Amino acid sequence: HETWGIRTRRGRTFEPGDLRGAPPVAVVNEMMARTFWPNGDAVGRQMSVVGNPQPLTIIGVTANVTQGGPASTPAPTFYVPLTQSTRPARSLSFALRTSFDTRALPAEVRRIVAEADQTLPVFALQPADELLASTVATQRFAMLMAMALGVLALILAMSGLYAVMAYVVSQSSREY
């Protein structure tokens with residue numbers, strides 16, 4: 001949460017002690033807290049999840065984050081620590097915050113992952129600004145097309161108005 005700048009509204013986020021064997025915990029977003037606990041604070045409540053033998057204790061509430069870009073509506077979402085997850089992860093995504101040049105980052109990330117496990121694939125490394133730009137690419141294209149069609153319609157309207165005015169002027173000049 002800290003890497004992406006997602007604010008914790010109440011409670012806390014995950015800590016190093018939230019490991020397998022520790023009481024299972026979850027963090028929910030504001031939409032989920034409002035949806036399922038509209039008259040009270042979600043922190044400290046418990047929720048059951050299919051596949052988890054024990055209920056999860058909610059330890060924090062974070063700000064809403066949309067998955068489909070800025071125009072999408074936030075959905076009720078909860079997060080569990082990877083170390084307490086009961087479902088095998090099909091894929092993992094990591095976000096890194098760095099103060100140095102991001103062009104050197106892919107090689108360094110690949111090197112570190114290979115040191116840990118050479119069988120793990122690393123792909124789709126991209127800076128956050130590129131990732132965010134890709135989420136709005138479709139909307140940006142649609143907006144540019146609408147703007148181009150608007151300019152074309154304006155040109156056609158102006159040329160049509162010019163043609164009508166030229167015709168009226170030519171007709172009125174014959175009367176004299």
Rounded, prolate or oblate, given the Cα gyration tensor of segment 1-52, with a/c below 1.5 counting as rounded?
oblate
Spin-label point model (7 Å from Cα, Cβ direction): what's the Ser159 to Arg87 distance in nm?
5.6
Considering the Cα trace of segment 9-154, what is its radius of gyration and what is Dmax, both in angstroms?
20.3, 67
Normalised by the residues of segment 48-176, what does the relative contact order come to in percent, with Cα pairs under 8 Å and at least six apart?
18
Positive-pole candidate from Pro16, Pro38, Thr57, dipole of segment 1-58, charges at beta carbon
Pro38
Just the number, please: carbon plus sulfur as a percent of the accessible area of the chain, 1.4 Å probe, no ligands or DNA/RNA counted.
62
Just want the answer: with Cβ charges of +1 for Lys and Arg and -1 for Asp and Glu, which residue in Thr86, Val169, Ala148 is farthest toward the dipole's positive end in segment 63-176?
Thr86
How large is the accessible surface per residue of the chain, computed with a 1.4 Å probe and reported in Å² as a whole number?
76
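The values are calculated or read from the model by the stated rules, or taken from the named source; none is laboratory data. Small disclaimer: the values here were computed from a predicted structure and weren't measured. Because the Cβ atoms are built from the backbone with ideal geometry, glycine has one as well, and the counts that use them run over all protein chains shown. Protein only, heavy atoms only, side chains kept; ligands, DNA and RNA dropped before computing areas. Shrake-Rupley method; radii C 1.70, N 1.55, O 1.52, S 1.80 Å.
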